[in-house]
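Asks: Pasting a structure below so you can have a look.
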Amino acid sequence: MSINPILLDFPDHFSSKRLMMRCPQAGDGELVFAAINESIHALRRFPASLPWAVFEPSVAASESYCRDSHAQFIARSDLPFLIFLKESGQLIGAAGLVRMDWNVPKFEIGYWCRTSLQGYGLITEAIHAISQFAFEHLNARRLEIFADDLNTASWRVAEKVGFEFEGILRNEKIDPDGTLRNTRVYAKISL
(Lines give C-alpha, C1' and ligand atoms only; values in the text may rest on other atoms or scores of the structure.)
Protein backbone atom coordinates (compact mmCIF):
# COMPACT_ATOMS: atom_id res chain seq x y z
CA MET A 1 0.00 0.00 0.00
CA SER A 2 1.46 3.35 -1.05
CA ILE A 3 1.42 6.14 1.54
CA ASN A 4 0.88 9.77 0.60
CA PRO A 5 2.88 11.48 3.38
CA ILE A 6 1.46 14.94 2.62
CA LEU A 7 -1.84 13.70 4.10
CA LEU A 8 -0.29 12.53 7.38
CA ASP A 9 -0.95 14.67 10.43
CA PHE A 10 1.62 14.72 13.22
CA PRO A 11 3.04 17.38 15.56
CA ASP A 12 5.65 19.88 14.37
CA HIS A 13 7.09 20.09 17.90
CA PHE A 14 7.63 17.86 20.93
CA SER A 15 9.74 17.85 24.06
CA SER A 16 11.87 15.73 26.34
CA LYS A 17 13.00 16.32 29.91
CA ARG A 18 15.38 19.21 29.11
CA LEU A 19 14.68 19.94 25.46
CA MET A 20 12.09 21.23 23.04
CA MET A 21 12.30 20.23 19.38
CA ARG A 22 10.35 22.09 16.70
CA CYS A 23 10.27 22.57 12.97
CA PRO A 24 12.34 25.58 11.82
CA GLN A 25 10.33 28.72 11.06
CA ALA A 26 10.84 32.00 9.26
CA GLY A 27 12.78 34.26 11.61
CA ASP A 28 14.95 31.49 13.12
CA GLY A 29 17.92 32.33 10.88
CA GLU A 30 19.80 34.51 13.39
CA LEU A 31 19.64 31.80 16.07
CA VAL A 32 20.82 29.13 13.65
CA PHE A 33 23.61 31.37 12.33
CA ALA A 34 24.89 32.05 15.88
CA ALA A 35 25.05 28.33 16.68
CA ILE A 36 26.70 27.42 13.37
CA ASN A 37 29.15 30.33 13.53
CA GLU A 38 30.23 29.26 17.03
CA SER A 39 30.67 25.64 15.91
CA ILE A 40 31.90 25.98 12.32
CA HIS A 41 35.47 24.77 12.95
CA ALA A 42 34.23 21.59 14.65
CA LEU A 43 31.61 20.99 11.96
CA ARG A 44 34.22 21.36 9.22
CA ARG A 45 36.21 18.42 10.59
CA PHE A 46 33.82 16.10 8.72
CA PRO A 47 33.11 17.78 5.36
CA ALA A 48 32.10 14.54 3.62
CA SER A 49 29.30 14.08 6.17
CA LEU A 50 28.44 17.77 6.60
CA PRO A 51 29.06 19.32 3.16
CA TRP A 52 26.99 22.41 4.02
CA ALA A 53 29.57 23.34 6.69
CA VAL A 54 32.30 24.07 4.12
CA PHE A 55 30.41 27.20 3.00
CA GLU A 56 30.83 30.45 4.87
CA PRO A 57 27.92 30.83 7.31
CA SER A 58 25.68 33.89 7.12
CA VAL A 59 22.40 35.04 8.61
CA ALA A 60 20.86 35.02 5.12
CA ALA A 61 21.97 31.43 4.43
CA SER A 62 20.67 30.31 7.83
CA GLU A 63 17.34 32.07 7.27
CA SER A 64 17.07 30.42 3.86
CA TYR A 65 17.76 27.04 5.50
CA CYS A 66 14.98 27.67 8.05
CA ARG A 67 12.43 28.65 5.40
CA ASP A 68 13.39 25.76 3.09
CA SER A 69 13.27 23.36 6.05
CA HIS A 70 9.79 24.55 7.01
CA ALA A 71 8.61 23.93 3.43
CA GLN A 72 10.22 20.45 3.44
CA PHE A 73 8.46 19.64 6.70
CA ILE A 74 5.08 20.62 5.24
CA ALA A 75 5.80 18.64 2.05
CA ARG A 76 7.02 15.70 4.20
CA SER A 77 10.19 15.43 2.08
CA ASP A 78 12.42 15.95 5.16
CA LEU A 79 11.45 16.46 8.80
CA PRO A 80 13.99 18.90 10.28
CA PHE A 81 13.92 20.05 13.90
CA LEU A 82 15.72 22.77 15.80
CA ILE A 83 16.64 21.75 19.34
CA PHE A 84 16.24 24.21 22.21
CA LEU A 85 16.96 24.08 25.94
CA LYS A 86 13.57 24.32 27.65
CA GLU A 87 14.89 26.34 30.58
CA SER A 88 16.66 29.11 28.63
CA GLY A 89 15.34 28.78 25.07
CA GLN A 90 18.93 28.58 23.78
CA LEU A 91 19.36 26.77 20.45
CA ILE A 92 21.67 23.80 20.95
CA GLY A 93 21.66 22.48 17.39
CA ALA A 94 19.54 20.67 14.87
CA ALA A 95 18.44 17.16 14.02
CA GLY A 96 16.07 15.65 11.58
CA LEU A 97 14.58 12.72 9.77
CA VAL A 98 15.94 12.62 6.22
CA ARG A 99 16.27 10.26 3.23
CA MET A 100 12.89 8.79 4.04
CA ASP A 101 11.08 5.85 2.54
CA TRP A 102 7.46 6.28 3.56
CA ASN A 103 6.52 2.85 2.16
CA VAL A 104 8.58 0.95 4.75
CA PRO A 105 8.53 3.49 6.58
CA LYS A 106 12.21 4.14 7.36
CA PHE A 107 14.14 7.31 8.15
CA GLU A 108 17.73 8.41 8.58
CA ILE A 109 18.51 10.65 11.55
CA GLY A 110 21.11 13.39 11.18
CA TYR A 111 22.25 15.81 13.89
CA TRP A 112 24.78 18.39 15.03
CA CYS A 113 25.35 20.18 18.33
CA ARG A 114 26.56 23.66 19.22
CA THR A 115 30.18 23.37 20.39
CA SER A 116 29.67 25.07 23.78
CA LEU A 117 26.91 22.60 24.72
CA GLN A 118 28.61 19.35 23.76
CA GLY A 119 29.32 16.82 26.49
CA TYR A 120 26.08 17.27 28.45
CA GLY A 121 24.11 14.45 26.83
CA LEU A 122 21.77 16.89 25.08
CA ILE A 123 22.08 15.39 21.61
CA THR A 124 21.68 11.89 23.05
CA GLU A 125 18.45 13.06 24.72
CA ALA A 126 17.29 14.73 21.49
CA ILE A 127 17.97 11.66 19.33
CA HIS A 128 16.16 9.46 21.84
CA ALA A 129 13.14 11.82 21.66
CA ILE A 130 13.24 11.99 17.84
CA SER A 131 13.41 8.19 17.69
CA GLN A 132 10.34 7.93 19.91
CA PHE A 133 8.58 10.54 17.75
CA ALA A 134 9.35 8.50 14.60
CA PHE A 135 8.14 5.22 16.08
CA GLU A 136 5.00 6.68 17.72
CA HIS A 137 3.84 9.28 15.18
CA LEU A 138 5.29 8.05 11.88
CA ASN A 139 4.98 4.29 12.43
CA ALA A 140 8.68 3.91 11.63
CA ARG A 141 9.90 0.36 11.11
CA ARG A 142 13.58 1.28 10.75
CA LEU A 143 15.68 4.25 11.84
CA GLU A 144 19.25 4.69 10.61
CA ILE A 145 22.23 6.77 11.69
CA PHE A 146 25.26 7.11 9.42
CA ALA A 147 28.36 8.53 11.13
CA ASP A 148 31.87 9.20 9.90
CA ASP A 149 34.08 6.46 11.34
CA LEU A 150 36.38 9.13 12.85
CA ASN A 151 33.49 11.11 14.38
CA THR A 152 33.52 9.21 17.66
CA ALA A 153 31.13 11.62 19.41
CA SER A 154 28.51 11.12 16.69
CA TRP A 155 28.55 7.34 16.62
CA ARG A 156 28.65 7.13 20.40
CA VAL A 157 25.34 9.01 20.45
CA ALA A 158 23.88 6.26 18.25
CA GLU A 159 25.16 3.59 20.64
CA LYS A 160 23.89 5.41 23.76
CA VAL A 161 20.40 5.68 22.24
CA GLY A 162 20.34 1.92 21.60
CA PHE A 163 21.01 1.79 17.86
CA GLU A 164 22.77 -1.38 16.79
CA PHE A 165 26.03 -1.21 14.86
CA GLU A 166 25.47 -2.89 11.49
CA GLY A 167 28.85 -2.35 9.87
CA ILE A 168 31.24 0.00 8.11
CA LEU A 169 30.82 1.25 4.57
CA ARG A 170 34.45 1.55 3.47
CA ASN A 171 35.51 4.46 1.23
CA GLU A 172 31.86 5.49 1.17
CA LYS A 173 32.39 9.27 1.06
CA ILE A 174 35.10 11.62 -0.10
CA ASP A 175 36.31 14.86 1.45
CA PRO A 176 36.86 17.92 -0.75
CA ASP A 177 40.62 17.25 -0.49
CA GLY A 178 40.15 13.76 -1.95
CA THR A 179 40.47 11.81 1.31
CA LEU A 180 38.22 8.75 1.32
CA ARG A 181 36.07 8.33 4.43
CA ASN A 182 34.49 5.30 6.04
CA THR A 183 30.94 5.48 7.37
CA ARG A 184 29.56 3.57 10.34
CA VAL A 185 25.96 2.34 9.97
CA TYR A 186 23.63 2.06 12.96
CA ALA A 187 19.97 1.08 13.01
CA LYS A 188 17.04 0.66 15.36
CA ILE A 189 13.97 -1.26 14.29
CA SER A 190 10.47 -1.58 15.66
CA LEU A 191 9.33 -5.00 16.77
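Asks: By the gyration tensor of its Cα atoms, with a ≥ b ≥ c the square roots of the eigenvalues, what is the shape of the stretch 94-177: rounded for a/c under 1.5, prolate for a/b over b/c, or oblate?
Replies: It is oblate, given that a/c is not under 1.5 and a/b is not larger than b/c.
Asks: Right, next: For residue 173, which lysines qualify as cross-link partners when the Cα separation must be under 30 Å and same-chain residues fewer than eight apart are set aside?
Replies: 106, 160, 188
Asks: While we're here: Lys and Arg at +1, Asp and Glu at -1: add these up for the other residues within a Cβ distance under 12 Å of residue 66 and post the number.
Replies: So the surrounding residues net to -2.
Asks: Here's another thing I want to ask about it. Between residue 189 and residue 34, how high is the FRET efficiency from 1/(1 + (r/R0)^6) when r is the Cβ-Cβ distance and R₀ = 30 Å? Nearest 0.05.
Replies: Computed FRET efficiency for residue 189 and residue 34: 0.25.
Asks: Rounded, prolate or oblate: which fits the stretch 47-96 when a ≥ b ≥ c are the square roots of the eigenvalues of the alpha-carbon gyration tensor, with rounded for a/c under 1.5 and prolate only if a/b beats b/c?
Replies: Here the stretch 47-96 falls in the oblate category.
Asks: Of all the accessible heavy-atom surface of the stretch 54-191, with the other protein chains kept in place and a 1.4 Å probe, what percent is carbon and sulfur?
Replies: 51 percent
Asks: In what sequence, highest mean first, do 74-83, 99-108 appear when ranked by Cβ atoms within 10 angstrom?
Replies: Highest mean packing first, the order is 74-83, 99-108.
The values are calculated or read from the model by the stated rules, or taken from the named source; none is laboratory data. Computed from a predicted model, the values in this text were never measured in an experiment. Positions of Cβ are generated from backbone atoms using ideal geometry, with glycine treated the same way; all protein chains shown enter the neighbour counts. Please note that ligands, DNA and RNA were not included when accessible areas were found on the heavy atoms of the full protein model with its side chains. Shrake-Rupley method; radii C 1.70, N 1.55, O 1.52, S 1.80 Å.
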